[in-house]
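Report on the structure given below.
The numbers here are math on the coordinates, done by the rules we state, and not lab data. Computed from a prediction, not measured in an experiment: that's the story for all the values here. Note that each Cβ is placed from the backbone with ideal geometry, even for glycine, and that neighbours are counted across all protein chains shown.
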There are 2 protein chains.
Amino acid sequence: MRRTNKHTSCYLVAAFLSATILVSCGGSTGERSATKGVVQDGTEATTVAGANLLPSWGDSAAKDAIVDFVSRVTDPASPDFVPEAERIATFDNDGTLWSEKPAYFQLMFAVDRVRALAGEHPEWKDKQPFKGVLEGDLEAVAATGEQGLLELVMASHAGMTTTEFEEIVRDWLLTARHPELDRPYTELVYQPMLELLDYLRFNGFKTFITSGGGIEFMRPWVEQAYGIPPEQVVGSSIKTKYEIRDGEPVLVRLPEIDFIDDKEGKPVGINSHIGRRPIASFGNSDGDFQMLEWTTAGEGARLGVLIHHTDAEREWAYDRDSHVGRLSRGLDEAEDRGWVVVDMKDDWKTIY
Amino acid sequence: MRRTNKHTSCYLVAAFLSATILVSCGGSTGERSATKGVVQDGTEATTVAGANLLPSWGDSAAKDAIVDFVSRVTDPASPDFVPEAERIATFDNDGTLWSEKPAYFQLMFAVDRVRALAGEHPEWKDKQPFKGVLEGDLEAVAATGEQGLLELVMASHAGMTTTEFEEIVRDWLLTARHPELDRPYTELVYQPMLELLDYLRFNGFKTFITSGGGIEFMRPWVEQAYGIPPEQVVGSSIKTKYEIRDGEPVLVRLPEIDFIDDKEGKPVGINSHIGRRPIASFGNSDGDFQMLEWTTAGEGARLGVLIHHTDAEREWAYDRDSHVGRLSRGLDEAEDRGWVVVDMKDDWKTIY
């Protein structure tokens, strides 16, 4: 329980960007339109089916490694061939499929939600951490520690039915805008990763999200954004309870952590929801380390990829010292482990 | 926690068939070969695509209701049309896809496992409930109550890695035989339900198992038996822990209940793993009541089906008074709720 609270509050601590608190933790979550990659008609010579589905990827060792892996596992004549049913690929979300700066987008949601609910909770005016959120006093919020931050999550994510929460998330995404880029959050998904998802599916892969973010925060929008259906989303969760209200069955979201899908939790979540080991995993932070470790320790051809945020001009540049999406051990060990590191600045022609 | 233990031990109490203990609870789990239904080439006039995939179903109101439902949700011109991505169908396993008498097959596994491990546990000779299992004294086992029964589950299902457990289950299924029918358990899957699974998939449905049985007890064999991949299996679970052993990552199965996928738990498990409400659900006991309730309360065309065990000659006949797969409330309310009740004796030409 202690571990649970600690991990959960990571998202919130990170959200408030308190420079005095250094926390490394995994991901959380937000929509976009283009699911289908653009299929170019052979203007580029390729040896692998669908490799021309990656127009936003520049020529690089990273792209070559990905295409080579896909070539080997899909070629029936290759010793590395993998039957289609076992071509499972898992993707972290925050920082891997969409941006996560200045804070996890799900945190922006939590803050907006607390503000929206303040009218129904007059007591929040005098009670931390809500008082701090309402007054924009993030130091006061941070001072409430993990317990206070957990209260924020529960106040914004629990107490309603699953159907109601889905509507709340959808409505928020329609109006909320990124504080710095002034665009809907769902426009901040990475074009090269959309192409990669399509490319893998074109080659018989089943693509899953495996995020530290809330599973029910992601499901309302990821099908449209990434072409990944709700049943292929793994994430952190709170408990739900089945009950009959006014003669109708509902699932009520309870203020109690069920599962934290981060770090050592990622292989656990993968086992619980997917039930077989992926052959390819994609992440961007040390919260993804164990997922890549689990995936690449399997027998046969395996692919582990880390997206390295190196582009301060077009996106954000951060790694070892970042409060959000910290990447340190992954950078240290990637080479020895044979993991591919994608340099966003050099390897991607387009970001969004 | 109390509720958890109670549900878990249901399986074991039922297993031992103690006539003095009346427990109603959901399912648990075993393999078979034929996944693909036999497609007949139009010898039977049908208006619905693939309805000739149901050769083991006699003409009946139950079959008509199923075919009519599928017709309506797959016809783009129908007001009840459902897009393919939303055609989710969930199936209980024990008593719905395969037999569950004289006790849940997973219980037979637990008992066999305790016997196999007895050499490593000399203390079991003098300690209940193990002593009772080893001596065949089921009354003594039942007398240990829920706590004793939970000990049996944990002794047989926990303490090994997920990979090891998968091999244990596979090995058991290769040699174990049903005590009365003297056949491998995986030959006790219902032919009409195999055809129904194929028929639904032929019509764009995604088929899931949603069983009270152990999720990791089912996954090793259900893909071959039913054509349902591991990632489409929902069930009861114990917790797992990620750790590094001798430099290799493993997931260790812990002696701690994680989730019980029975009764009110079934909609919770569906929400957690699938993330959208099914449009069709199939069960056979009151452990499936809430799943059918949840499914059929949704908007638009919905299908709820209960398999009624009425065939004492070819299988077993039981319902309201059975310790395993008790069906009472379902029978009382099926008509009012518009649920289809399949009479195994009259509606099925073949059982296995």
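Data table
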| item | result |
| --- | --- |
| Isotropic mean projected area of the C-alpha convex hull, segment A:90-133 (nm²) | 3.9 |
| Order by protection proxy (mean Cβ within 10 Å, highest first), peptides B:109-121, A:146-158 | A:146-158, B:109-121 |
| For B:Asp262, B:Asp246, order by how many other beta-carbon atoms lie within 10 Å, fewest first | B:Asp246, B:Asp262 |
| Under Karplus coefficients 6.51, -1.76 and 1.60, residue-wise ³J(HN,Hα) of segment B:304-321 in Hz, glycine/proline x | x, 10, 10, 8, 9, 7, 10, 10, 6, 7, 8, 9, 9, 10, 6, 7, 5, 10 |
| Cα gyration tensor shape of segment A:265-309, rounded if a/c is under 1.5, else prolate or oblate by comparing a/b with b/c | oblate |
| Mean Cβ count within 10 Å, highest first, over the residues of peptides B:90-102, B:58-70 | B:90-102, B:58-70 |
| Position A:Ser328, label points 7 Å along Cα→Cβ, spacing to each other copy in nm (shortest first, one decimal) | 6.0 |
| Average beta-carbon neighbours from other chains, 10 Å sphere, peptide B:272-281 | 5 |
| Under-5 Å amide H pairs with B:Gly95, H placed in peptide plane, nonlocal only | B:Glu100 |
| Residue-wise HN-Hα coupling along segment A:110-119, computed from phi with Karplus coefficients 6.51, -1.76, 1.60 (Hz; x: Gly, Pro) | 4, 5, 4, 5, 4, 5, 5, 8, 4, x |
| Computed helical MRE - 222 nm, chain B, DSSP H runs ≥ 4 contributing -39500 (n - 2.57), nearest 500 | -11500 deg cm²/dmol |
| Inter-chain shielding of B:247-255 (mean C-beta neighbours from other protein chains, 10 Å cut-off) | 3 |
| Count of lysine pairs in chain A with Cα separation under 22 Å (8 or more residues apart, or interchain) | 19 |
| Other protein chain Cβ atoms within 10 Å, averaged over every residue that makes up B:79-88 | 1 |
| Label distances, nm, A:Asp171 versus same residue in remaining copies, Cβ-directed 7 Å point | 5.7 |
| Which of B:Ile260, B:Ile351 has the fewest Cβ neighbours within 10 Å, and the rest in rising order | B:Ile351, B:Ile260 |
| Electrostatic dipole magnitude of segment B:132-274 [Cβ: Lys, Arg +1; Asp, Glu -1; Cα centre; debye, to 20] | 540 |
| Exam field: B:Glu243 pseudo-label spacings to other copies (7 Å along Cα-Cβ), nanometres | 3.9 |
| Axis-nearest residue in chain A [Cβ, rotation onto B], distance in whole Å | A:His273, 3 |
| Least to most buried among A:Thr163, B:Thr175 (fewest other Cβ within 10 Å first) | B:Thr175, A:Thr163 |
| Positive dipole terminus of the protein assembly as shown, leading residue within A:Tyr185, B:Gln128, A:Leu150 (C-beta point charges) | B:Gln128 |
| Compactness of segment A:153-233, expressed as Rg and Dmax over alpha-carbon positions, Å | 14.1, 43 |
| Total charge dipole magnitude, segment B:208-337, about the Cα centre, Cβ charges on Lys, Arg, Asp, Glu only, Debye to nearest 20 | 320 |
| Rounded to whole Å, sorted largest first: equivalent-ellipsoid semi-axes of chain A, Cα gyration tensor | 35, 21, 19 |
| Other-chain or far-sequence residues with amide H under 5 Å of B:Ala280's (modelled H) | B:Ile88, B:Thr90, B:Leu303 |
| Å³ per residue enclosed by the Cα convex hull of the protein assembly as shown | 180 |
